[in-house]
Amino acid sequence: MAEIFFDDIIEVIKFDRQVVYDKVSRLIATSEDKDYSLELDVHSGLYPMLPGSKYRMVIADALHMDSSALHSKGKPISLADKFEYVMHGLLYKMSEAK
């Protein structure tokens, strides 16, 4: 079962399109209440995000939900079923303001 570490609404503030990879943009975003900010690399060719727009962001350790929950077609329900765009990877760097 997936453990959710983060689930909140973020607002995109700006983009830096000068990232090393083609079709990748680094976005700068803040939470709605401005408690935190983040930088995130997104495949802008697959999922274009606009400055000023708000998105729900979830960070979890897995996509598998409760193993007893199945689709009507017998497939396990995935956390990814609830979203248009899903990324897989590692958190590269985290820091807290003091």
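The values are calculated or read from the model by the stated rules, or taken from the named source; none is laboratory data. Please read these numbers as outputs of a predicted model, since none were measured by experiment. Neighbour counts are summed over all protein chains in view; Cβ atoms, including those assigned to glycine, are modelled from backbone coordinates with ideal geometry.
Looking only at region 20-47, how many residues end up being assigned to a strand (DSSP E or B) and either closer than 18 Å to ASP8 by Cβ or hydroxyl-bearing (Ser, Thr, Tyr) (or both)?
Residues of region 20-47 that are assigned to a strand (DSSP E or B), as a first pass: 24-31, 37-43.
From the residues that got through so far, the ones that are either closer than 18 Å to ASP8 by Cβ or hydroxyl-bearing (Ser, Thr, Tyr) (or both) too are 25, 27-31, 37-40, 42.
Of the residues in region 20-47, 11 are assigned to a strand (DSSP E or B) and either closer than 18 Å to ASP8 by Cβ or hydroxyl-bearing (Ser, Thr, Tyr) (or both).
Quickly run through region 22-54 and pick out the residues that are among the aromatic types (Phe, Trp, Tyr) and farther than 21 Å from GLU84 by Cβ.
First, the residues of region 22-54 that are among the aromatic types (Phe, Trp, Tyr): 36, 47.
Across region 22-54, the qualifying residue is only TYR36.
If LYS23 passes every condition in (1) in contact with a Gly (Cβ under 7 Å, 6 or more places away or on another chain); (2) under 17 Å from LEU90 (Cβ atoms) but one, which one does it miss?
Failing condition for LYS23: (2).
Just to be sure, is HIS64 of a type outside the set (A, V, I, L, M, F, W, C) and either at pLDDT below 85 or surrounded by fewer than 12 Cβ atoms within 10 Å (Cβ to Cβ) (or both)?
Values: of a type outside the set (A, V, I, L, M, F, W, C): yes; either at pLDDT below 85 or surrounded by fewer than 12 Cβ atoms within 10 Å (Cβ to Cβ) (or both): yes.
So HIS64 passes the test.
Considering region 1-39 alone, what residues qualify as being surrounded by fewer than 11 Cβ atoms within 10 Å (Cβ to Cβ), among the β-branched types (Val, Ile, Thr) and at pLDDT 90 or above?
Residues satisfying the conditions do not exist here.
Would you point out the residue of region 77-95, among those that are assigned to a loop (DSSP other than H, G, I, E, B) and hydroxyl-bearing (Ser, Thr, Tyr), that is nearest to ARG26 (Cα to Cα)?
Initially, region 77-95 is screened for residues assigned to a loop (DSSP other than H, G, I, E, B), giving 77, 83-95.
Then drop every residue that is not hydroxyl-bearing (Ser, Thr, Tyr), which leaves 85, 92, 95.
Values: TYR85: 16, TYR92: 13, SER95: 17 Å.
Restricting to residues being assigned to a loop (DSSP other than H, G, I, E, B) and hydroxyl-bearing (Ser, Thr, Tyr), the top hit is TYR92.
Within region 48-59, track down each residue that is part of a loop (DSSP other than H, G, I, E, B) and surrounded by fewer than 14 Cβ atoms within 10 Å (Cβ to Cβ).
Within region 48-59, the first condition is being part of a loop (DSSP other than H, G, I, E, B), and the residues that meet it are 48-53.
If the condition is that a residue be part of a loop (DSSP other than H, G, I, E, B) and surrounded by fewer than 14 Cβ atoms within 10 Å (Cβ to Cβ), then PRO48, LEU50, PRO51, GLY52, SER53 are the ones that fit.
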